[in-house]
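A short worksheet on the structure shown next.
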Amino acid sequence: MHILHSILVHLPGDVPADEGESREEYLERIRLYAEEETDKFYGAAYDWRETATDGGWADEYPENVLLGSEDGKKLIRELKKILETQTQEIRYNMEALINCFGGQLSGIVFGIQNGAVDGSSIQATHYVFQLKKMAKLLDGEYFYDSCFYDTAEYTAKISEATIAKVQEKPQDWALVFFDYHF
């Protein structure tokens, strides 16, 4: 299964522009930096990936590096879309757990421990998966379903504060798109 991952790069701190460098050379250095910063997540976030382009998303993103200096509004829209996606994923998993075990964390934990609703270990495993996925997103762990990584903060967690920080100086940021498989 393929999924689009967005890697946020703080340019002045991590990939400052070199004088005399072409736009294409600069984009390549940003892309390479994002690739190197996420190499260590092989096995957790991907088992294969396309980094030279954005793979199956080339129609939507003709270049896989979006510079805030060129389109700050689009950069902010993309970050808001990522935040909404992560929020929906957390909400979906939380609602599934609440529907099964009630709204108390203790009920969820002990319900899973006791074998879920029907006592089956298969059903309990499914609920453990949902709880772990939600916890990873809340904690900022970079994995396949987080779809986002902030190289400046070393986290996969995106928040309104992240967006506000980028919105202050969009020219200092880039978003790099990679096609991940797992």
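Of all residues in segment 57-111, count the ones that are part of a loop (DSSP other than H, G, I, E, B) and acidic (Asp, Glu).
Within segment 57-111, the subset part of a loop (DSSP other than H, G, I, E, B) is 58-64, 102-104.
Of the ones still in play, those that are also acidic (Asp, Glu) are 59-60, 63.
Final tally of qualifying residues: 3.
Of everything in segment 27-38 that is out of contact with any helix residue (DSSP H, G or I) (no Cβ under 9 Å at 6 or more places or on another chain) and more than 16 Å from Leu4 (Cα to Cα), the residue that is surrounded by the fewest Cβ atoms within 10 Å (Cβ to Cβ) is Glu36. Within segment 4-14, if we keep just the residues that are open to solvent by 20 Å² or more (accessible area, probe 1.4 Å) and not in a helix (DSSP H, G or I), the residue that is farthest from Gln167 (Cα to Cα) turns out to be Leu4. Looking at Tyr180, Tyr154, can you tell me which residue is of a type in the set (Ser, Thr, Tyr), open to solvent by 50 Å² or more (accessible area, probe 1.4 Å) and within 12 Å of the chain's Cα centre (by Cα)? The match here is Tyr154.
Which one of these is touching a helix residue (DSSP H, G or I) at 6+ places or on another chain (Cβ under 6 Å) and free of Cβ contacts under 8 Å to residues at least 24 places away in the same chain: Ile158, Ile112?
On the way: Ile158 fails: free of Cβ contacts under 8 Å to residues at least 24 places away in the same chain.
One residue alone meets the criteria, Ile112.
For segment 39-56, a residue qualifies if it is closer than 19 Å to Tyr142 by Cβ, touching a residue at least 40 places away in the same chain (Cβ under 8 Å) and open to solvent by 40 Å² or more (accessible area, probe 1.4 Å), and the qualifying residues are Ala44, Asp47, Trp48, Glu50.
Please verify whether Ala17 is closer than 23 Å to Tyr180 by Cα, assigned to a loop (DSSP other than H, G, I, E, B) and either free of Cβ contacts under 8 Å to residues at least 40 places away in the same chain or among the hydrophobic types (A, V, I, L, M, F, W, C) (or both), treating the condition exactly as stated.
Working: closer than 23 Å to Tyr180 by Cα: no; assigned to a loop (DSSP other than H, G, I, E, B): yes; either free of Cβ contacts under 8 Å to residues at least 40 places away in the same chain or among the hydrophobic types (A, V, I, L, M, F, W, C) (or both): yes.
Against the criterion (closer than 23 Å to Tyr180 by Cα, assigned to a loop (DSSP other than H, G, I, E, B) and either free of Cβ contacts under 8 Å to residues at least 40 places away in the same chain or among the hydrophobic types (A, V, I, L, M, F, W, C) (or both)), Ala17 does not qualify.
Among the residues of segment 75-115, just one is among the basic types (Lys, Arg) and within 17 Å of Phe178 (Cα to Cα), namely Lys81. Look at Met1 and say whether it is exposed (fewer than 14 other Cβ atoms within 10 Å of the Cβ), within 27 Å of Leu131 (Cα to Cα) and among the aliphatic types (A, V, I, L, M). So Met1 fits the description; yes.
The values are calculated or read from the model by the stated rules, or taken from the named source; none is laboratory data. Owing to the predicted nature of the structure, the values given are computational and were not obtained by experimental measurement. In this analysis, Cβ positions are derived from the backbone assuming ideal geometry, glycine residues included, and neighbour counts consider all displayed protein chains. To get the accessible areas, we keep the full protein, side chains included, count just its heavy atoms, and leave off ligands, DNA and RNA. Shrake-Rupley method; radii C 1.70, N 1.55, O 1.52, S 1.80 Å.
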